[in-house]
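The values are calculated or read from the model by the stated rules, or taken from the named source; none is laboratory data. Just so it is clear, the structure is predicted and the values come from calculations on it, not from any experiment. Glycine also receives a Cβ, built like all others from the backbone with ideal geometry; neighbour counts cover every protein chain displayed.
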Amino acid sequence: EPEVTQTPSHQVTQMGQEVILRCVPISNHLYFYWYRQILGQKVEFLVSFYNNEISEKSEIFDDQFSVERPDGSNFTLKIRSTKLEDSAMYFCASSAQGRDGYTFGSGTRLTVV
Amino acid sequence: AQSVTQLDSQVPVFEEAPVELRCNYSSSVSVYLFWYVQYPNQGLQLLLKYLSGSTLVKGINGFEAEFNKSQTSFHLRKPSVHISDTAEYFCAVSDNTDKLIFGTGTRLQVFP
């Protein structure tokens, strides 16, 4: 079964530091997403990416966030200057056809201290 | 705007008993509906989805869900649960875009 792979599984960073969360989507998928889940809360949409550009982003996805597909296989989420409230589980997902169902990765737990 | 309501934050049930996890949605357009399961310390796994057609949808692990347009519901059911079904279950909706809007989740706890 093809998988979406996320690294690292855990990341601890100091407030104000930049972090890059990495994802390897399923190879023939064309749609890519980032979601986050703050501890004890619901999963929230951050951004969708298709054809090398952002197709939609949420209010959470402000100027501190960016996404990139640097080499045709990886899909990264960068947070430029982390805040305490960025602590969450971040999930990457990919899809072959968009809204008819994604495959999620197992997540990166980001802790900002 | 879309929203998803999962009415029960926790559902305790004994092994081999039936279970129903409730999900209601609001949307002004036709929707796609999903149930995802999250086992402890793992990611989100798709259980089943409704895109169109038959309103009764069968998924993995013996789960099924019924789309009811008039009641705007998509309740998840299983006739006989196992200990291994203990997990968090999320209902999600997608309308004309491809982002998912999730409910707050229902924690299913199965006791021996």
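Quick one: would you say B:Ser80 is farther than 17 Å from A:Phe45 by Cα, in a loop (DSSP other than H, G, I, E, B) and at pLDDT below 95?
For B:Ser80, the condition - farther than 17 Å from A:Phe45 by Cα, in a loop (DSSP other than H, G, I, E, B) and at pLDDT below 95 - is not met.
Give the residue, chosen from A:Leu84, A:Leu21, that is surrounded by fewer than 13 Cβ atoms within 10 Å (Cβ to Cβ) and closer than 30 Å to B:Ser9 by Cβ.
After ruling out the rest, the residue left standing is A:Leu84.
Name the residues in the stretch A:36-57 that are within 24 Å of B:Thr106 (Cα to Cα) and among the polar types (S, T, N, Q), would you?
Once the filter is applied, which keeps residues that are within 24 Å of B:Thr106 (Cα to Cα) and among the polar types (S, T, N, Q), the stretch A:36-57 yields A:Gln37, A:Gln41.
Considering each residue of the stretch A:1-18, count those that are within 13 Å of chain B (Cβ to nearest Cβ), within 27 Å of A:Val113 (Cβ to Cβ) and in a loop (DSSP other than H, G, I, E, B), and give that number.
Going through the stretch A:1-18 one residue at a time, the tally reaches 1.
Looking at A:Leu77, A:Leu21, A:Leu110 in this structure, which one is closer than 28 Å to B:Gly103 by Cβ, more than 9 Å from every other protein chain (Cβ to nearest Cβ), assigned to a strand (DSSP E or B) and in contact with a helix residue (DSSP H, G or I) (Cβ under 8 Å, 6 or more places away or on another chain)?
A:Leu110
Can you tell me which residue within the stretch B:81-112, out of those that are more than 7 Å from every other protein chain (Cβ to nearest Cβ) and more than 16 Å from the chain's Cα centre (by Cα), is surrounded by the most Cβ atoms within 10 Å (Cβ to Cβ)?
Looking at residues that are more than 7 Å from every other protein chain (Cβ to nearest Cβ) and more than 16 Å from the chain's Cα centre (by Cα), I get B:Val110.
Consider only pairs whose beta carbons are under 9 Å apart and that are at least six residues apart or on different chains; among these, list those whose first residue lies in the stretch B:14-38 and is within 14 Å of chain A (Cβ to nearest Cβ) and buried (at least 17 other Cβ atoms within 10 Å of the Cβ) and whose second residue is of a type in the set (D, E, K, R) and not in a strand (DSSP E or B).
B:Ser27/B:Asp95; B:Val31/B:Asp95; B:Tyr32/A:Arg99; B:Tyr32/A:Asp100; B:Tyr32/B:Asp95; B:Val37/B:Asp85
Within the group A:Tyr33, A:Tyr102, which residue is in contact (Cβ under 8 Å) with a residue 12 or more places away in the chain, at the interface with another protein chain (Cβ under 9 Å from one of its Cβ atoms), surrounded by 15 or more Cβ atoms within 10 Å (Cβ to Cβ) and farther than 23 Å from B:Arg107 by Cα?
A:Tyr33
Among A:Ser55, A:Ser66, which is the only one that is within 14 Å of another protein chain (Cβ to nearest Cβ), surrounded by fewer than 17 Cβ atoms within 10 Å (Cβ to Cβ) and part of a strand (DSSP E or B)?
Testing whether each residue is within 14 Å of another protein chain (Cβ to nearest Cβ), surrounded by fewer than 17 Cβ atoms within 10 Å (Cβ to Cβ) and part of a strand (DSSP E or B) leaves just A:Ser55.
For the stretch A:41-52, name all the residues that are in contact with a Leu (Cβ under 9 Å, 6 or more places away or on another chain) and either in a loop (DSSP other than H, G, I, E, B) or farther than 17 Å from A:Cys23 by Cβ (or both).
Scanning the stretch A:41-52 gives a single hit, A:Asn51.
Give the number of residues within the stretch B:56-80 that are basic (Lys, Arg) and crowded, with 19+ Cβ neighbours inside 10 Å.
Counting residues in the stretch B:56-80 that are basic (Lys, Arg) and crowded, with 19+ Cβ neighbours inside 10 Å gives 1.
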